[in-house]
Structure formats: structure tokens, C-alpha cells
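Notes follow once the structure below has been shown.
Read the figures in this text as sums done on the coordinates, not as results from a lab. Remember, it's a predicted structure, so these values are computed and weren't measured experimentally. Counting neighbours? That spans all protein chains shown, and the Cβs are built from the backbone with ideal geometry, glycine included.
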Amino acid sequence: MESSVTKSLQVFYKNLSLFPDSLYLTFPEETQKLDERVFLRGRFPNQGIPVKKADGTTPTYLLLFHEFTVGLDLHRESFFDYALINQEVSDKKTSENLTIIVSYTLWDNIKQRPLFSSIIEQNQPIKGEITLDNLVNISQATAQALLVDIQRGVGK
Amino acid sequence: MKSLFLKGSLKCLFLFFVVFIPASASDVFFKNPYIIWKDAEVLIWTPDSIPAVKATEFALSLKRNNSGIGEPTARLAGDWQRDSVAFLYSAWLKENIDEKVHAENLRARAPEMVKRLTESGDIMILFVTRKGDQLYSVLFEGESAEPKAAGSIPYTADSIAMGDALAEMFFGGHAERRLTAEERKKADSRPNAYYEEIAKFHGWVGVGAGFTQAKVPFTPDSWYNRKLRSRVKSYRNTQDSLSIWNFLDDKSPLFSVYAGGTWYGFIGAELFLRYSQHDAKLDESDTVYKELDHWTYNRYEIGLNIHLSTTYHTTSFLDIIPYTFLGFNYSFFSEDIGLKDGVKEASNAYNTRIKFESFYKGALFGVGSHFVFYDHYGVDLRAGIASRGRSLDREPSPDGVAEPTVIGGSTIDCFISLGLEYHWSLK
């Protein structure tokens, strides 16, 4: 799934490079407020220390993935909206959708400040059994949605 | 047409110049409320190798700029400049500060840095850094990792001029006395505005004007018709004498003065004096009244209410205090009667006219609300029902049945009143 997301992103961003999760986990954990009620919790690079690549160059922007949730019939409000997170969900026998929820931040690595944070939700109707193809498909769709969302965020 | 347009646009250009030239001298990006301490201790913090302002000169600049600031001291934050976490943040701050930035964007995020800033007590931290031909400055004050003010001034090598410009930009206005260690400890444990204590005692005095009548709204007319239609014949005869409204007109303006208070915003008491004037209802067909000029009664009521109330802080300037009250009162009907000029001797009926009791006891209850503006100025609206009647605390005599009914033994009316009040609180 990870590779299918990155492949989709690489089509659009030619010189995309990947940093390992272990680097992300060294950052201090913080909360960011997106809205009156919507908060996301994630790790952000330290103030004053730009993230460098292995060859010593400093990338201009970082795309920080905070959470990548895969599940059935999920709603992003149930995860991130503080007014709704305590809602209980009834037991279900069937599900209609395969869902991916991604929370991410576009980070200015030169000035070390967040440019844009967002949470996107991608749904795919389930027809019969869930196969690996389904997962690849929804990952690619999520990557496309991510691209659209970033363009919208940059436009702001 | 074209030349006219050109003239217009030139005028615009000229205006633009006038507006923009002074603004470029010193530019404040944002300024949130902060406290300027008397005898201020200012820490000058800079990532630059040569500080743009000198500490001793800056202290003098502060004194020159603000005469109320007392004996300020300033020093360079050497320990901050050597600390690696603080250095990282200062480098970041230098990189990120510009005209469009907001306070929350410049917040320190590293926990060590947050701790350093929030634990600085009442020391003011002035961050200065040179970027090109501008000197950028950021001010931190109080227990916040977010800067309180930021701005820029054109850089010159004259450190005294720089100090004066910074002092003018951030340190003008009223200076507050610095708290002692004990006072600060107390201030720290004080609840914030959202958790404010309710006053121990809340008092008010007021004057009110309103209206009173026997008929309670939304009750059937048939309850009152008999009393209200009744007229007094030959100074004393009515169909019924149980209610005073058989004799007197019930509708009258009502005036009151009152003073009261509540404890802990909940239970309280109120003393009041009320006044209203009621004309006697004469049967005009009775010729005996030809001699009469006027016959009215002034009603005075004095009493005590028990108040139960609750307080709502709605906006910064308005508190709404709805309440309900229950109390007792003494009613006095003072007669004002006069014969026409030229009537030598009053009729026999006049001399044997009706006499009310010297006083009546009664009870009243109702609801109302204080609307208190700016903690002190109140408007009050209340409505209720009051009764007055026979004293029930006398022992019944053996031949009680044969006793005549007490006149006005059951006199009930309702009232509505609007008051202007002054309020105060004792914490």
C-alpha cells in the first residue's frame, strides 16, 4: 500500500524522496488545531533544525504523514473532531465502504514551520470480497485525493 | 476628460506618499496586551554577534521614554545565547520573523524553550536581530511561550537611537508595580475569569415605579366583578366589606424604594416601602356626597422579602440575576378627606363614615430579574401578588361567630414594577 501511494505521488512530484519512519519518531509530538473542534496530533521537526537528506542537501518541503488509517466504513469526524470522538458505533455485520483516513502536514523545511495541515477521507464501495487489488486501488485514489488537497492548500 | 483622470490619480499618489512615509519608520507587526512592569527587568536577547542595543544605554532609554517606569534594569541574555536550545529557537525566530507573521506562528515549540520562557516570571525578554537594513524585535512577557509584540525599525549603527526607538515602540504607557514573591504566589493561585468566585455579598438600593390592580391577569373576570362594581353609599354602605376594593378604586400607579442583598449569589433579603393612592368609589346617585370635595386613601406598605436568585454572566458588561421573592408586609391606609368650601357642618353620614383598621398584615410573592450593567447599574423588572388582611394571630374569642367581619379582611392585588438600581459586591 505504501509503495502504491508513493508511486502515485512520484508521478506528480519527480524528485520525491522518502524518509524512514524512525526519523519521524524522533520529532517531538505536538497537537495542531485545524478548526474550532478539529485537532490533529502528530510529530513535527524541531524548531531550528532543518531535516537533511543522506547526501547533505536540504529538501524545501516535507510531507509529514501523521496517521494512515485503513478500515471499513470510517468517518474522519469520529477520529479528529473533538465533539464527536466519543460517539459509540453500533455493531455491524456488513460494511459498504473501504475507507482510508490520512492526516498530514505540508512542512516548510527551510523556515521550519507548517504550511498546511489537513485530514482526508477516501471511500471505495466494496463489491464482494476485498482483494489486494482493492487496497492498491484505494491507495492510488488516496494519493490522487492527497495531490488535489495539497494543491488546494497551497492555493490558500 | 483624460487630463482630469490624470490629475485625480496624481492626487492619489500624493496621498499615498503622505500615508506611507511615517509608517515605514517603525512598523509594529502585532501587539497583544501585556504588562509593563515598574522597575522593569529587561533581558536583551540576540543571535547577532554585535548587539544592536547596549544594555546600560537601553535602561536609560526606558527611563527617558516612560517616566512612570521607575528604575529599569537591562542586561544581555548571555546564558540564553550560549544555551543550544535557546540558540536554535533564536535562529529560527530570526529566519521566520516578517511583517505578515502572527503571534501564534512565532510560538516556541521545543519543551525546554517553552519552560525557559514561561518560567521567566516578570522579566521581560526583548529579542532583537538585524536582517539587512531592518532591526527586528520580538517581546516576550509573562507566562506564555507566544510573543506578545513584534515589530521592526530601520537599522542604524547608533545604539542609543535604536534603544530609544525600541523603548518607544514597546514600553510606552502605564507601568504596573512588580509583585513581591508572596503576592506572585497568591496571584498564581487565583482562579481565572472563567472560574470566578461569586461575591460573598451582593447588595442593591433602588427606586421603582409600576402599577397595581386587583385583577390578576389570566384569571376570570367573575372573580372580581362583584368587588369592582361595588360603590359606597352614604359613606359606609357596600354589599360586602371583606375586601377593601369594595370601597376603594384598585387601579393605581405604585412607587417604591427598596434595599436588599444576597449572600453567595443565592439567598437574600430585601426591605421595601411602597406607596400608592386609591380614591373612594362613591355612588354618584347618592345626594349625601354633594358636600364632599375629595376622599382618597394613601396606602403605605412596609415589608421584608426573602430572595432566592441565581446569577448569569452573559457578556462582559451585563449580568442577569433572575429571582423569586416571598415576604410579608404591613399596610397602612391613611385617609385624606375634605369638604367643599362653604360647607359649614358635615352630614351625620360623614361623621359616621367607614373606618379601616389601623394597619393590615399581609404577604406577597412574585418573580423578577435584575439586569446589572457594568457591575453597578441595574434595571429591575418584577411582578407579583400581594395580600393584606385581618390579623390571624389573635386568639379566637368564644363568641367569635357573633363578631362583625373585619373590614378589608382579605384584600388582594397584583403589581408590576420597573426599578432603577445601584449594585455593589463585597468579595
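Within region B:247-267, the only residue that satisfies the criterion of being of a type in the set (Val, Ile, Thr) and crowded, with 21+ Cβ neighbours inside 10 Å is B:THR262. Within region B:132-165, the set of residues being in a helix (DSSP H, G or I) and in contact with a helix residue (DSSP H, G or I) (Cβ under 7 Å, 6 or more places away or on another chain) comprises B:SER159, B:ILE160, B:GLY163, B:ASP164. Inspect all residues belonging to region B:282-302 and state whether any of them is under 25 Å from B:LEU418 (Cβ atoms) and hydrophobic (A, V, I, L, M, F, W, C). Yes, some residue in region B:282-302 is under 25 Å from B:LEU418 (Cβ atoms) and hydrophobic (A, V, I, L, M, F, W, C).
Out of the residues in region B:108-131 meeting the condition of being part of a loop (DSSP other than H, G, I, E, B) and free of Cβ contacts under 8 Å to residues at least 40 places away in the same chain, tell me which one is farthest from A:ASP108 (Cα to Cα). If you could, list the steps in order and put the result at the bottom.
Restricting attention to region B:108-131, the residues satisfying the condition of being part of a loop (DSSP other than H, G, I, E, B) are B:108-110, B:119-123.
Now narrow it down to the ones that are free of Cβ contacts under 8 Å to residues at least 40 places away in the same chain: B:108-110, B:119.
Values: B:ALA108: 16, B:ARG109: 15, B:ALA110: 17, B:GLU119: 30 Å.
So, considering only residues that are part of a loop (DSSP other than H, G, I, E, B) and free of Cβ contacts under 8 Å to residues at least 40 places away in the same chain, the one farthest from A:ASP108 (Cα to Cα) is B:GLU119.
Where strands (runs of 3 or more DSSP E) fall wholly inside region A:1-72, the ranges with 1 or more residues that are under 15 Å from A:THR142 (Cα atoms) and touching a residue at least 24 places away in the same chain (Cβ under 8 Å) are A:61-72.
Picking from residues in region B:63-120 that are among the β-branched types (Val, Ile, Thr) and away from chain A (no Cβ under 14 Å), the one that is surrounded by the most Cβ atoms within 10 Å (Cβ to Cβ) is B:ILE69.
Hey, could you check region B:128-137 for residues that are away from every other protein chain (no Cβ under 14 Å) and not small (Gly, Ala, Ser) and say which is nearest to B:MET162 (Cα to Cα)? By that ranking, first place goes to B:LEU135. B:VAL101 satisfies every condition listed in (1) touching a strand residue (DSSP E or B) at 6+ places or on another chain (Cβ under 9 Å); (2) in a helix (DSSP H, G or I) except (2).
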